[in-house]
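Engineer: Following this message is one structure expressed as structure tokens.
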Amino acid sequence: MKVLIVSFAFPPSNVIGAVRVGKLARYLDHQGHDVRVLTTDIVEDRSLPLEIARERVSYTEYRERQHWPEQVAQLLRGRAAAPAGDRREDTHQQYGAPARSLRQALRRHYLALIHIPDIRADWVRAAVPAGRQLIEGWKPEIIFASAPPNTGLIVASRLARAYNIPWVADLRDLWVDNPYYNEPGWRKLAETMLERRILRGAAGLVTVSPIWAEQLRRRHGQAAAVVYNGYAEEDFPPIAPRTEPDPILTIRYMGSIYRGFRDPSALFSAIALLPDQLRARVSVEFFSDAGDAVLAAAAAHRVESVVAIKPRVPYRRALELQMEADVLLLLQSSDQRDEGNLPAKLFEYLYARRPILFIGYERGIAARFVLERCAGLVSNNPAKIRDQLQRWSGDKSAGRLERLDPSVSIGLSRDDQYAKIEHLFEEILENRVDADRLSPAGDARAIN
């Protein structure tokens with residue numbers, strides 16, 4: 001099978017979206033399929049391993065246009081613009097902050113207008129010609145596009161339509177139904193129509209959560225396959241035996257902090273409730289680029305002495321740190337809209353087999369994963385978290401804080417999950433052959 005993967009992020013770029021598609025390319029390649037990739041390479045952290053041959057990956061140029069209101073604003077501020085690939089952008093923070101003045105409100109609407117469907121919209125100008133050149137020398141049987149950014153879906157849709165190739169849309173996050181969506185109302189209306197038009201032409205839909213799959217079915221009248229992000233066993237280091245007892249209970253968080261959505265305050269409040277002697281034996285480490293927000297929340301509860309902010313680390317080092325932690329912290333929004341959000345980090349946590357402290361929406365799919373697999377505590381209640389910290393700390397001091405049972409991650413490997421995508425591809429292509437065979441045009445071709 002000849003498969004073209006379209007994804008803005010791909011290894012060696014060390015971003016979470018690149019992990020899923022990078023591992024899918026590896027899986028399909030190992031299964032004997034002919035895989036090519038259309039992508040970019042603009043991220044500073046380029047530590048993610050590229051696991052298919054370099055010549056199979058087309059890294060296109062990406063230049064984000066600078067619009068005149070931004071140029072004027074920068075001149076007034078007296079500073080030059082940062083290169084597009086060097087900015088650490090978060091669309092929820094960029095567009096989601098409440099407007100505090102008319103100028104900010106106008107800027108928010110202007111950016112919402114020029115960045116449809118997202119801030120990577122300018123990639124279409126480079127990706128479509130590059131995709132055409134690739135396809136004319138090597139025509140794939142199927143195209144797989146992973147989003148966000150949703151710009152990649154537009155690229156795949158145009159290429160598929162131009163060359164009559166079936167394509168599959170992989171929505172790692174929902175589009176307009178994204179629980180973090182916070183654009184102006186007119187923008188959501190426009191994107192609702194755009195999403196319907198783009199996905200209507202897809203031969204198949206894939207997403208990462210059964211709740212999201214149902215939302216896609218209701219919106220588009222089309223079933224969506226559920227393919228969890230999973231974990232890749234080969235990326236994790238072997239389990240190292242612990243040598244000397246350590247009285248410090250180390251809690252680690254690996255990931256992003258979205259202001260107003262992922263809030264560690266419940267944990268800090270719980271630590272503040274601990275007796276002084278026990279509080280001194282707790283250490284919370286955040287490997288994140290939102291240190292100021294975390295430290296401010298810790299200071300509000302007077303526990304900043306036990307909180308450490310550390311720089312992000314390469315992907316495999318992050319997995320190693322997860323394996324070495326005592327407890328792994330998973331933060332989600334506590335809003336019901338986050339019910340279907342099933343973060344990729346959860347699957348890594350489960351394979352690391354360290355107890356998980358989940359703070360977020362307690363009746364969502366991620367919380368159910370933790371509870372049903374007996375993998376840790378789900379709570380937003382500081383008193384309950386305090387009690388669990390006391391138990392974990394006591395177990396650590398007594399040498400009883402063992403790894404979770406291996407069954408917590410059973411059936412969740414990336415290979416287990418990607419077999420579903422491979423089967424979907426085969427089903428789409430078989431149905432296409434059957435449709436061609438039954439059509440008058442297909443009969444004529446067979447006679448000739």
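Engineer: Could you look at the chain and say what percent of its accessible area is carbon and sulfur, using a 1.4 Å probe and all protein chains?
Structural biologist: Exposed carbon and sulfur together represent 50 percent of the surface.
Engineer: Hey, in the GNM for the chain with a 10 angstrom Cα cutoff, which one of ASP246, ASP170, ASP416 fluctuates hardest?
Structural biologist: Largest GNM mean-square fluctuation: ASP246.
Engineer: Let me ask something additional. Tilt of helix 151-163 relative to the longest C-alpha principal axis of the chain, in degrees (0 to 90, nearest 10)?
Structural biologist: Approximately 20 degrees, to the nearest ten.
Engineer: Rg(Cα) of segment 342-401 divided by 2.2 N^0.38 Å?
Structural biologist: 1.14
Engineer: Grab the eigenvalues of the alpha-carbon gyration tensor for segment 118-171, scale each by 5, take roots, and send me the semi-axes largest first in whole angstrom.
Structural biologist: Semi-axes (√(5λ), whole Å): 18, 13, 7.
Engineer: Let me know the number of lysine pairs in the chain closer than 23 Å at the Cα, not counting same-chain pairs under 8 apart.
Structural biologist: Going through the chain pair by pair, I get 9.
Engineer: Follow-up question, since we're still on this one. Considering all projection directions equally, how large on average is the shadow of the alpha-carbon convex hull of segment 154-232, in square nanometres?
Structural biologist: 6.1
Engineer: Moving on to the next point. Choose one answer from LEU350, LEU274, LEU249: the residue with the largest mean-square fluctuation in a GNM of the chain with alpha-carbon springs under 10 Å.
Structural biologist: LEU274
Engineer: Rg and Dmax of the chain, Cα atoms, in Å?
Structural biologist: Both quantities, over Cα of the chain: 23.5, 86 Å.
Engineer: Let me ask something else. Out of the chymotrypsin sites (Phe, Trp or Tyr not before Pro) in segment 103-166, which ones are loop residues according to DSSP with at most 15 other C-beta atoms within 10 Å?
Structural biologist: Taking segment 103-166 and a limit of 15 other Cβ atoms within 10 Å, the loop chymotrypsin sites (Phe, Trp or Tyr not before Pro) found are TRP138.
Engineer: Moving on. Picking from LEU102, ALA383, GLN31, whose Cα lies most toward the positive end of the charge dipole for the chain (charges on Cβ: Lys, Arg +1; Asp, Glu -1)?
Structural biologist: The Cα lying farthest towards the positive end belongs to LEU102.
Engineer: Next question. Nearest 500 deg cm²/dmol is fine: what mean residue ellipticity at 222 nm does the chain get from its DSSP H runs of n ≥ 4 alone, each adding -39,500 (n - 2.57), divided by its residue count?
Structural biologist: -13500 deg cm²/dmol
Engineer: Please state the charge dipole magnitude for the chain, taken about the Cα centre, from unit charges on C-beta atoms (+1 on K and R, -1 on D and E), reported in debye and rounded to the nearest 20.
Structural biologist: 1180
Engineer: From the C-alpha gyration tensor of segment 232-326, pull out the three semi-axes of the equivalent ellipsoid (sqrt of 5λ each), sorted largest to smallest, in whole Å.
Structural biologist: Whole-Å semi-axes of the equivalent ellipsoid: 24, 19, 9.
Engineer: Could you check which residue among SER413, SER334, SER305 shows the biggest mean-square fluctuation in a GNM of the chain with a 10 Å Cα cutoff?
Structural biologist: Result for the chain, Cα springs under 10 Å: SER305 fluctuates most.
Engineer: If you restrict to DSSP beta bridges whose two residues both lie in the chain, what percentage is antiparallel, to the nearest 5?
Structural biologist: 0
Engineer: Per residue, how many Å² of accessible area does the chain show with a 1.4 Å probe?
Structural biologist: Accessible area per residue: 46 Å².
The values are calculated or read from the model by the stated rules, or taken from the named source; none is laboratory data. Computed from a prediction, not measured in an experiment: that's the story for all the values here. All Cβ positions, glycine included, derive from the backbone under ideal geometry; neighbour counts span all protein chains shown. Side chains are part of the model used for accessible areas, which takes the heavy atoms of the whole protein and leaves out ligands, DNA and RNA. Shrake-Rupley method; radii C 1.70, N 1.55, O 1.52, S 1.80 Å.
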